[in-house]
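Step one of this worksheet: look at the structure below.
What follows draws every value from the coordinates through simple rules; no lab data is involved. The shown structure was predicted, so the numbers you read here are calculated from the model rather than taken from an experiment. Cβ: placed from backbone, ideal geometry, glycine included. Neighbour counts: every protein chain shown.
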Amino acid sequence: MRIEEARGTAVRFLKDVLGKEGVVVKTSQTPDGWEVGIEVAEESEYMKALGVRARVVDRSLYELKLSDALEVLSYELKRPLEPRGAPPAPKRA
């Protein structure tokens, strides 16, 4: 099935190229190919820079665009994601 192939391609790219593992949370077919969103738990660079010894994890979303031939055309890190169960952040005017 093409959707499974698109998901697999995106997961392998993230692991092989960026060294990250995550969970696919979105897969959409577009006129030009596929868009895949993968949620990744990453250690907080900010907290690490502050010297906080406790392990703090940020949730990040990587969005990948694939061609119809399942070649990765681009990827983008969307950050930050709200913690699970947190109230939504207020909207800016």
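Below are the figures for this structure:
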read-out	value
Note, ³J(HN,Hα) from phi for segment 46-54, Karplus 6.51, -1.76, 1.60, rounded to Hz, x at Gly and Pro	4, 5, 5, 5, 6, x, 5, 7, 5
Integer Hz, Karplus 6.51/-1.76/1.60 couplings in order for segment 24-35, x for Gly and Pro	5, 10, 7, 9, 9, 7, 10, x, 9, x, 9, 10
In segment 1-54, the GluC sites (Glu not before Pro) that fall in loop regions by DSSP, at most 13 other Cβ within 10 Å	GLU21
Residues whose placed amide H lies under 5 Å from that of THR27, excluding near-sequence neighbours	GLY37
